[in-house]
1. Scan the range 57-81 residue by residue and report those that are within 13 Å of the ligand (Cβ to nearest atom) and either open to solvent by less than 30 Å² (accessible area, probe 1.4 Å) or more than 28 Å from Ser244 (Cβ to Cβ) (or both).
2. Of the residues Ala50, Ala44, Ala20, which is open to solvent by less than 40 Å² (accessible area, probe 1.4 Å), away from the ligand (no atom under 16 Å from the Cβ) and either more than 17 Å from His200 (Cβ to Cβ) or in contact (Cβ under 8 Å) with a residue 60 or more places away in the chain (or both)?
3. I'm trying to understand the selection: among the residues of the range 23-41, which are of a type in the set (A, V, I, L, M, F, W, C) and either open to solvent by 30 Å² or more (accessible area, probe 1.4 Å) or at pLDDT below 95 (or both)?
4. Of all residues in the range 219-242 being of a type in the set (A, V, I, L, M, F, W, C) and closer than 21 Å to Leu59 by Cβ, which is surrounded by the most Cβ atoms within 10 Å (Cβ to Cβ)?
5. Output the number of residues of the range 327-348 satisfying the condition of being part of a strand (DSSP E or B) and under 19 Å from the mean Cα position of the chain (by Cα).
6. Just the residues that are at negative phi, away from the ligand (no atom under 11 Å from the Cβ) and of a type outside the set (Val, Ile, Thr), please, taken from the range 219-244.
7. Take Tyr404 and decide whether it is at pLDDT below 95 and either at positive phi or surrounded by 13 or more Cβ atoms within 10 Å (Cβ to Cβ) (or both).
8. List the number of the failed condition for His386; all other conditions in (1) at pLDDT below 95; (2) open to solvent by 40 Å² or more (accessible area, probe 1.4 Å); (3) within 23 Å of the chain's Cα centre (by Cα) hold.
Amino acid sequence: MEFPTWAEVDLDRFGRNITAIRAAIGPDCKVLLVVKADAYGHGAIEISRAAMDAGVSMLGVATLHEGIELRSAGLSTPIVILSPSLLSEVDEIIEHRLTPCVSSLEFAELLSRRCVAHEVISRIHVEVDTGMGRTGVSDGDALEFLQRIVAMRNLKLEGVFTHFPDADSGNTFFAEEQLRRFHEILDSLARKKIEVPIRHAANSAGILSLPQSRLDMVRPGILAYGYYPSNRVPAAIGVEGVMSFKSRVVQLRSVPAGRFISYGRTYQAKRATRVGVLPVGYGHGLPWLLSNRGEVLIRGRRAPIVGRVTMDLTMVDSTEIPDVAIGDEAVLFGEQGGSRVTLEEVAERAETIPYEILCSMGKRVVRIFLREGHPAKVLTLVGERHESETLETTGARRTRKVQYKSSRIPSSG
Ligand SMILES: Cc1ncc(COP(=O)(O)O)c(C=O)c1O
């Protein structure tokens, strides 16, 4: 089973990362795993199932549809929609038992009314903006807002949280001030006898740089996928990268000195060059800024990207790679033969952050989920791939059958 371009997602490594995070935070602190943007490109359903096995308590998504995707896959765990939802989404939020983050009274009132009508109780979380400057209610308005919310019928305040914008900066002064302000608000709530079962604040950077921010629950994303949010946080919890991104040489060309390569003719061969063509481009999630900058691994050696990365194809100079052949594996990030190209390196060369590269991993990149180093599941653009081989009874002829099981959510209408 070979693919032109694929990402290997090592579910055992992922499980070990969660175990390491849980060991560091201790038994009294829960984990809400952030699985938005298809679990940072890794595959939300498979990652969420592995997360449940590893003892994660809640999942965090950004959109209604991300929540429905997980429910349709049979996940019954609490799922928090971390971004604000639209009024028009209320009924589906209730139907799929998703937990919204409430940041307006209008939304809360509608949710409450619809819950009463459906005769259900909706759990809700409220974000207090202590300095992120994005979503939630401002710290100054939080007490009054929460007092109004808890009085509404059929709503159950489950969590109150805040978010750090720069706990990964190497200077925790601002995050500490945010945490102090958050505690002030929690204390005022306690004085008003408003119970907050789960107080949470720490993203990956908070978990690592500000242990006192772990509170009742932490919300790791990038750390669970095996990367540190920056190189300025203490690497206090050991994690391993879960994903490797790979492609294959599909064509080899001998190019004489002086010839140009790819769009814009930005690269001119200075010598006779053996050019390897890889079937991967920005349409798969390989950053265009790696044009004439990136490096891939072939046979354990580095081959520089020459010319512009195109939508589907990228060229590399493989002149220095002895015996390079069509079909050779090319590692865009990950390990090969004892060498390594790290995601952080790729992000730096592409002037972006590891998060963006992971989340940009396109649908046509085959995901191979590994267990004990072997493929346990293969997800392609056209569904989950199954391959079976049968021996015909009449002779020794083998027949191979490939089937794709569509992962699309079945319609109920
Ligand atoms: C509210 C919230 N909490 C936690 C996270 C996880 O962040 P990280 O991946 O840096 O751990 C995110 C991600 O953007 C987020 O928006």
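1. First, pick out the residues of the range 57-81 that are within 13 Å of the ligand (Cβ to nearest atom): 58-63, 66, 80-81.
Matches in the range 57-81: Met58, Leu59, Gly60, Val61, Ala62, Val80, Ile81.
2. Ala50
3. Ala23, Ala24, Ala37
4. Just the residues of the range 219-242 that are of a type in the set (A, V, I, L, M, F, W, C), to begin with: 222-224, 233, 235-237, 239, 242.
Retained after the next criterion (residues that are closer than 21 Å to Leu59 by Cβ): 222-224, 237, 239, 242.
On the way: Ile222: 21, Leu223: 24, Ala224: 30, Ile237: 19, Val239: 22, Val242: 27.
Restricting to residues being of a type in the set (A, V, I, L, M, F, W, C) and closer than 21 Å to Leu59 by Cβ, the top hit is Ala224.
5. 3
6. Asn231, Arg232, Pro234, Ala235, Ala236, Gly238, Glu240, Gly241, Met243, Ser244
7. Yes.
8. Exception for His386: condition (3).
The values are calculated or read from the model by the stated rules, or taken from the named source; none is laboratory data. Keep in mind the model is a prediction, meaning the values are calculated, not measured. Note that each Cβ is placed from the backbone with ideal geometry, even for glycine, and that neighbours are counted across all protein chains shown. For accessibility, only protein heavy atoms count, side chains too; no ligands or nucleic acids. Shrake-Rupley method; radii C 1.70, N 1.55, O 1.52, S 1.80 Å.
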